[in-house]
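The values are calculated or read from the model by the stated rules, or taken from the named source; none is laboratory data. What you see is a predicted model; the values in this text were computed from it and never measured. Heads up, the Cβs are rebuilt from the backbone with ideal geometry, glycines too, and the neighbour counts pull from every protein chain shown.
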Amino acid sequence: MKRILINILLILIVGLFQDTFAQESESKVGKVKVVKYRDTNDKFTESTTDKTLAYLNKRKHDILITNKKDTTLLKTDSLGIFIIPNKYFNYCSITVNPKTKDLREEFLFIEGLGAKDSLEFKIYDYHISNKIDSTKAPEFYKKFNTKKAEQDFFAGNKRYLLGNGIKYSKNFIEQLELKSKEYGFEIEYPEKMSGTLEEHRILYRYNDRMKELLGIKNWW
């Protein structure tokens, strides 16, 4: 009877050791995904096109993983997948594209990576979409970027800009006129606008920042 109990105890100990060893030797899978910060299903207001997003998600991303003892540099495959070594499970910082300003994002795991075998790292396209628009429509961007919206607001030039090439509904214009009276801003059309998608995205960000400064939380 004692021998049976000893054998059972040995089996349990060996099983526990094997489980612990397996846990220590396993790794986790990370996946980088670039997503739209503004996904409206409207080509005039969404932050970038599906084509551009698909291109960004096919590129290989640089990965920097650090903790108090170790540093690891990795590269994802074309699907955005990379392997996280187990020495970083308890605590680490994972930086995606550390040397690429427009696609850089840092993720800090103070309490560890958790129990999941895979983790998704979302990179929003805010900075890269700004860069694309400013490159394709540089003069328009200079006149109507978000910093210019701030300058206009504090200079007393409070306005909402309507874009060329868009047909606004009667209800939209009526509601906009009501808001302009309530919050004290003008409704204007920008000069020298060609009506490209880049210009419309720039205009949307300008108006969005102006609305924040005016204190408009609920548009309609």
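Taking the conditions (1) over 30 Å from Ser93 (Cα atoms); (2) in the same structural domain as Lys33 (by TED's automatic domain parsing); (3) small (Gly, Ala, Ser) in turn, Ser169 satisfies each one other than (2).
Residues considered: Phe172, Phe154. Of these, the only one that is at pLDDT 95 or above and of a type outside the set (D, E, K, R) is Phe154. Going residue by residue through region 116-123, is there one that turns out to be hydroxyl-bearing (Ser, Thr, Tyr) and touching a Gly at 6+ places or on another chain (Cβ under 9 Å)? Yes, because at least one residue in region 116-123 is hydroxyl-bearing (Ser, Thr, Tyr) and touching a Gly at 6+ places or on another chain (Cβ under 9 Å).
Residues in region 24-56 that are at pLDDT below 90 and not in a loop (DSSP other than H, G, I, E, B): 2 in all. If you check Glu199 against the conditions, is it among the acidic types (Asp, Glu) and assigned to a helix (DSSP H, G or I)? Yes; evaluated as a whole, the condition is true for this residue. Residues in region 133-151 that are of a type outside the set (Ser, Thr, Tyr), in contact with a helix residue (DSSP H, G or I) (Cβ under 9 Å, 6 or more places away or on another chain) and either without any contact (Cβ under 8 Å) to a residue 24 or more places away in the chain or surrounded by 19 or more Cβ atoms within 10 Å (Cβ to Cβ) (or both): Asp133, Ala137, Phe140, Lys142, Phe144, Lys147, Ala149. When the residues of region 153-168 are filtered to those that are in contact with a strand residue (DSSP E or B) (Cβ under 7 Å, 6 or more places away or on another chain) and of a type outside the set (Lys, Arg), the one that is nearest to Leu213 (Cα to Cα) is Tyr160.
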